[in-house]
């Protein structure tokens, strides 16, 4: 149970010398705020991070209520019987050492499980004045709602570290208001929670690929236990667990979270083979044996506790020095409860190492990020697995260094965050609101600002009013009471600051390109201003994917040179006599407005910026300076630069064309040799027949239709490779997506979303 306060006091003095328990300042503050909330509401939920003394807060809140309401019964309801006994023990200790005058009223408090209560409603004659629900994130409407209905006069207090549900539904069906304590960064900064080193598996490693292949879901919406067991409860996977433990936790004591009983026992056995004092504990472990193992662990006689959902909640051992995550989950609550076991502070404990062997930080981020609990409480936000992008991965992680520091030769682990980096990067901030890309935060001096996922400030901090997000990453705020400001967070541009502003800006999409509509103007999303007094038509905007062209017939004096290929000139480029009228925008470039100078062979273009500097831009939006309108030397003079550049791209394109023709001929030849190709199924597996003869036995989860002399195959879900029509595997099945083109090129995508091309002809050779 989480009687952290007692544990901390015992570190400072002996139990014999201890005369009374004193709450920490944040606990006292929470008690006062809960009391205030009860003056206005019947049902209150209180949130405090794991390891910050939530159970002593519970007891102190009860103590305060009983003092104001003598002769009133208080019930404490938990979802597991183990928690019930731990709560009872904590209450007894609290009253034994507390300065409260209500020690005689201990009999007024009863602890029970929700399961017992559901079975014995009709036998209960008393009516409680308050019902306290521990680990209230487990409060499901169907099970718990009955208490509200049976006891309409009772007040309800729910306590949790994680007010969120896997299904995304809020708690306002049961509770009226949420009272929040400090966030995890502030607890760490003030020394109330421990710092940590966080290591995780590589994004392209074997384990991450296995986890990404998990498709089935259990009744609770989390990963299906059976499928997790099938993929991860294997000797190689467990050996990788031990290897990472040996790298980071060998000289520390800690907890391993396993998938199921079988998985826990296999982990224990392997650790014991290597001389580690480890035990496995689960729900079927006899109570006496379990208690003996826990006591041995606390004394240091056992180094590793391997468990199945036993020590996620209500486990009191502050000196846990490592937490190993061997169990994937889609539940934010489970994740924070597990890592929270290691964040308690203790005498002699410097920090905790979190060994993330299942890549959970890629699902939820690091434990020290700021969580929008108000939104999850209200059911407006669901933390769930998304396809990872660099921006999403960095949001509120407080430090941008990710996936860059491999640890040990042959290790599949990387250092995500060291405790030194954590302390350097943590800055206290109060989260006001957030969307997918930005967050509104309040700084210690009371000023407000907006930060992006990298923690960078987007606007200057100020004493703003009514700051909020509008659709399309437009910010609305008031620097003064009567002034409304609209700010484009992407372009970092003040759209308007007007006392009389009425209609807010709208983000519209024309030909897959965003513009801001405001006061009759249609503005590009760039820092440099470009606006039209009318809505541009679809045909006026030429979308080339990585850039957009707007042909402006009414422009005057762009200053941009126009260069074009001379027909039949073998790559010869000539300068036009007129200036460019083609306004150019680059994808994800929110700073500049360009003019189109030239289209080169392939995907390359040349553009001019507002300073009349020219840049070569490739399909990856890489910009390379090539010259200007006022050159100082030949190297900057477009009269010399453009002909050379044009010829280079022309000859490269001609070479590619010849190579393609040769490949096409070879593919045609190979396809004719292959014969009649037929995909066939046997049971749930697929194979390949050529001219009626089995070339590939039915071994694969799926096989795509052949393209030329090749076909993509799926070995297990989301693990694709490439084989020839003769059955030879030439690209291993380790990609999330494979697309084969008729020129013998395969586009492959790994689990992180990174793509690359493979020349299948060269692979074969």
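We did not get these values from a lab; they are worked out from the coordinates using the rules stated. Source: prediction; values computed, not measured. Cβ placement follows ideal geometry from the backbone for every residue including glycine, while neighbour counts extend to all protein chains displayed.
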Legend entry - FRET E, pair residue 378, residue 527, Förster distance 41 Å, beta-carbon r, rounded to 0.05: 0.70
Inset, instruction - Take the alpha-carbon centre of the stretch 228-289, take the same for the stretch 36-80, and report the distance between them in whole Å. - result: 37 Å
Legend entry - Least to most buried among 28, 456, 636, 135 (fewest other Cβ within 10 Å first): 456, 28, 636, 135
Inset, instruction - May I ask you to derive the relative contact order of the chain, considering only C-alpha pairs under 8 Å and at least 6 residues apart, and to give it as an integer percent? - result: 8 percent
Inset, instruction - Return the distance in nm (one decimal) between the two label points of a simple spin-label model at residue 29 and residue 143, each offset 7 Å from Cα along Cα→Cβ. - result: 3.3 nm
Legend entry - Order of 306, 279 under a 10 Å beta carbon neighbour criterion, fewest first: 279, 306
Inset, instruction - Multiply the residue gap between residue 243 and residue 551 by 0.36 nm, knock off their C-alpha separation, and tell me the result in nm, one decimal place. - result: 104.8 nm
Legend entry - Prolate/oblate/rounded call for the stretch 544-651, Cα gyration tensor, a/c under 1.5 rounded: rounded
Legend entry - Relative exposure of 584, 628, judged by other C-beta atoms within 10 Å (fewest first): 628, 584
Inset, instruction - Compute the distance in nm between two label points, each set 7 Å from the Cα along the Cα-to-Cβ direction, one at residue 588 and one at residue 544. - result: 1.8 nm
Inset, instruction - In nm, give the distance between the simple-model label positions of residue 295 and residue 757, each being 7 Å from the Cα along the Cα-to-Cβ direction. - result: 7.0 nm
Inset, instruction - Grab the DSSP H runs of the chain that are 4 residues or longer, score each as -39,500 (n - 2.57), total them, divide by all residues and round the 222 nm result to the nearest 500 deg cm²/dmol. - result: -8000 deg cm²/dmol
Legend entry - Stretch gain in nm, segment residue 42-residue 519, where the contour uses 0.36 nm per residue and the Cα spacing is subtracted: 167.0 nm
Legend entry - Nearest-0.05 FRET efficiency for residue 120 and residue 261, computed from C-beta distance (R0 41 Å): 0.85
Inset, instruction - Subtracting the Cα-Cα distance from 0.36 nm times the residue separation, let me have the gained length for residue 153 to residue 347 in nm, one decimal. - result: 65.4 nm
Inset, instruction - Report, to the nearest 10°, how far helix 261-273 tilts away from the longest principal axis of the Cα atoms in the chain, using its own Cα long axis and a range of 0 to 90°. - result: 90 degrees
Inset, instruction - For a quick protection proxy, order the peptides 432-440, 187-195 by their average other-Cβ count within 10 Å, most packed first. - result: 187-195, 432-440
Legend entry - Euclidean distance of C-alpha centroids, the stretch 300-360 and the stretch 443-493, integer Å: 38 Å
Legend entry - Mean separation of Cα contacts under 8 Å, 6 or more apart, over the residue count of the stretch 560-613: relative contact order %: 30 percent
Legend entry - Label of the coordinate-derived value, Rg/Rh (Cα atoms, Kirkwood Rh), listed as (i) 1.04; (ii) 0.96; (iii) 0.99: (i)
Legend entry - Euclidean distance of C-alpha centroids, the stretch 695-743 and the stretch 495-567, integer Å: 44 Å
Legend entry - Within the chain, percent of DSSP bridges classed antiparallel, to nearest 5: 70 percent
Legend entry - Tensor-based shape of the stretch 463-531 (alpha-carbon gyration tensor, a/c under 1.5 rounded, otherwise prolate or oblate): prolate
